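The values are calculated or read from the model by the stated rules, or taken from the named source; none is laboratory data. The structure displayed is predicted, hence computed values, not measured ones. Cβ coordinates were reconstructed from backbone atoms using ideal geometry, including for glycine residues, and neighbour counts include every protein chain displayed.
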């Protein structure tokens, strides 16, 4: 049976980057032990990588990747499930409620559970407890809530955060000069889009009047980050553009394309995406210096298929 | 734009002489945060330099540091600096989320720049440089 134009477009993009995607998945497979939550506390050293891995897997579920990729996602989730449940059994839950009441950033590490549950289609032993903890987070001012806690409350239906995401997006786009002066703040922009779309799971409702400015802002950010070889932020900007703008401008499409080509070349050379924009200290291939870029690069390359499909459908 | 975390950095003069001390921090590729303290007596601690940084999921950023010391007197009078310069700090040492709102005390001698992070110390050698390089 002949595939639809959408299937063809998605397949073409997956094929174009298939070697790089396979290398990135293989690197993550080899290092999966370092993503396993361990210890007896909420902020153990492997919890953050584990949550970040699950964020990216959630985004990958959305991407039009091929069946082999879905099998890989399922296998990673399967391997993470038992260590995660064992870790949850060791936590002292009575203290976690107080952490939530003081809005401790550590509370957000419990995001691991709803993210994992959603990916696995199973209910964790901590399903109810996690929601009770998040429900204790006090709401002083909606706008002062960071991405992590806002995403946690949104994902567990404790408090929807799309409106917050839209407000943040509008505020950031209105102040592009500040974004350019402090480039790390572009992460706030990508996170507003990640929050609004729940990592690509729902449609972004970018108001029409904001689209040209958002397009310009993303294109400017991509150009700036590529100049400094900041592939991590470049990949996040490319993903955010794919999820938020149905018809990117030519400069933005060029920025996304340049990002994907650079990331694919870097992956082909190293098997992962080491941190290049900082002066490498010692080996650039340490887990800490590679894992985050490797995760978001995987997402960006996989989302290339989404971009192709969305633009084709709109035209 | 602001950072979601900040720390107060103090600096102790372990050079053995009175010194002009310079400290610089850069988060990711953002602009640097710098401070100079003049005529710091041996053993004294000065500061703080308030530094901003970000923590949280799916963002990546490193903290980079540089220290310069113009030792005005004493047996090791001279000019010293760690790798890099004030505008391009060359020592990477992570500030973790646990350091948010805390005061950290670093120390500089004529041989070592020691950064005492919550997770443990980082060190970087100090080398002899020109007077200009010690304050840039």
Quick count over segment A:150-191, residues being facing chain B (nearest Cβ under 10 Å) and outside any helix (DSSP H, G or I), is 2
task: Answer yes or no: is there a residue in segment A:193-216 that is at the interface with chain B (Cβ under 10 Å from one of its Cβ atoms) and either modelled with pLDDT under 95 or in contact with a helix residue (DSSP H, G or I) (Cβ under 6 Å, 6 or more places away or on another chain) (or both).
output: yes
Residue set A:246, A:251; condition part of a loop (DSSP other than H, G, I, E, B), within 30 Å of residue A:166 (Cβ to Cβ) and either without any contact (Cβ under 8 Å) to a residue 60 or more places away in the chain or not assigned by TED's automatic domain parsing to the domain that holds residue A:58 (or both); output residue A:246
Filtering segment A:29-49 down to residues that are over 18 Å from residue A:236 (Cα atoms) and assigned to a helix (DSSP H, G or I) yields A:29, A:30, A:32, A:33, A:34, A:35, A:47
When segment B:90-111 is checked residue by residue, the ones that are buried (at least 17 other Cβ atoms within 10 Å of the Cβ) and more than 10 Å from chain A (Cβ to nearest Cβ) are B:95, B:99, B:104, B:106, B:107, B:108, B:109, B:110
Here, strands (runs of 3 or more DSSP E) confined to segment B:1-78 with at least 1 residues that are touching a residue at least 60 places away in the same chain (Cβ under 8 Å), within 13 Å of chain A (Cβ to nearest Cβ) and farther than 12 Å from residue B:110 by Cα are B:5-13, B:19-27
Residue A:33 passes all but one of the listed conditions (1) under 22 Å from residue B:98 (Cβ atoms); (2) free of Cβ contacts under 8 Å to residues at least 12 places away in the same chain; the exception is number (1)
Checklist entry - When you look at residue A:19, is it in contact (Cβ under 8 Å) with a residue 40 or more places away in the chain and in contact with a helix residue (DSSP H, G or I) (Cβ under 6 Å, 6 or more places away or on another chain), yes or no? => result no
